[in-house]
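This report concerns only the one structure given below.
What follows is calculated from the coordinates using simple rules that are stated; it is not laboratory data. No experiment lies behind these values; they were computed from the predicted model shown. Every residue, glycine as well, gets a Cβ built from its backbone with ideal geometry; the counts of neighbours run over all protein chains shown.
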Amino acid sequence: DPTISPMDNAKKYFDKYSKLKRTYEALTELVKETADALTHLESIQASLDIATDEDDLVDLKQELMDFGYIKKKYSSKNNKGNKKADKKKSQGKSKALHYISSDGYHMYVGKNNFQNDELTSGLAEGGDWWFHVKKIAGSHVIVKSRGDELADRTFEEAGRLAAYYSSARDQDKVEIDYTLKKNIKKPSSSKPGFVIYNTNYSMISSTDISGIELILS
């Protein structure tokens, strides 16, 4: 701007740059939040595809309400009491699937994010094994090792469970990550079912789970 001094011009450009930078940072954060929400919804969709009973659906509805994807309905009379009850609801009454390997090891499959958290953060111990389809939505699979070195057949069967109970179940072959539970970390304030890990093995697994024994509760 020729009508103002070089110093004022510099300040004007700096102010414009600062505004653009703030806008960029805000948009970057919004894009990240949107991507995180889409990933979360994809995990809920995968859970819906493997739901087996009404309790599973109740869990999924609760998760959708907890994160504001659908609205909670309250009557004005019971509004306060219902909100307090919601705070106590971290998971529903549905149960994880329970399989047993050909070698006699117990294997558990989370059917939704609440169950995934319960299995990985609650049931599993440091020396147990954790399986999950690579980079897409799917169930956490936990193998209780009893401190043993697992046979290859048990790893293969757990990998098949992780492949089948995922959003890639219609494919013939799926890449599976697996690691010891002690290598799994759940970030604070992260959404249900979300974990991180840096040390893992990988395998290519079939999505065919025929022949793996399901223990009925």
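The table below gives the values:
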quantity	calculated
Net length gained if the chain between Glu33 and Glu125 were fully extended (0.36 nm per residue, minus Cα distance)	30.0 nm
For region 145-217, the Rg and Dmax computed from alpha carbons only, in angstrom	13.8, 39
In Hz, Karplus ³J(HN,Hα) per residue of region 12-25 (6.51, -1.76, 1.60; θ = phi - 60°; x = Gly, Pro)	5, 5, 5, 4, 5, 4, 4, 5, 5, 5, 5, 5, 4, 5
Reachable aspartates and glutamates from Lys72, criterion Cα separation under 19 angstrom, eight or more residues apart if same chain	Glu54, Asp55, Asp56, Asp59, Glu63, Asp86
HN-Hα J in Hz across region 6-11 - Karplus 6.51, -1.76, 1.60, θ = phi - 60°, x for Gly and Pro	x, 5, 5, 4, 4, 5
Inter-label distance for Asn9 and Leu41, nm, one decimal - labels placed 7 Å from Cα along Cα-to-Cβ	4.8 nm
Using distinct alpha-carbon pairs, which all enter the 1/r mean, Kirkwood radius of region 17-71 in Å	13.2 Å
Footprinting exposure proxy for Lys111, Lys61 (fewest neighbouring C-beta atoms within 10 Å first)	Lys61, Lys111
Cα long-axis angle, helix 54-66 against the chain (0 to 90 degrees, to the nearest 10)	20 degrees
Summed residue charge, Cβ within 11 Å of Glu175's Cβ, Lys/Arg positive, Asp/Glu negative	+2
Those GluC sites (Glu not before Pro) in region 99-193 that DSSP places in a loop and that have at most 10 other beta carbons within 10 Å	Glu149
Model label zone, Lys73; criterion: amide N under 18 Å from point 7 Å along Cα-to-beta-carbon; scope region 41-61	57-61
Spacing of the two label points (7 Å from each Cα toward its C-beta) at Arg153 and Tyr201, in nm	1.7 nm
Sequence of Lys173, Lys191 once ranked by neighbouring C-beta atoms within 10 Å, starting from the fewest	Lys173, Lys191
The chain: Cα Rg divided by the 2.2 N^0.38 Å rule of thumb	1.36
Cα long-axis angle, helix 152-164 against the chain (0 to 90 degrees, to the nearest 10)	50 degrees
Principal-axis tilt of helix 79-88 within the chain, Cα atoms, nearest 10 degrees	60 degrees
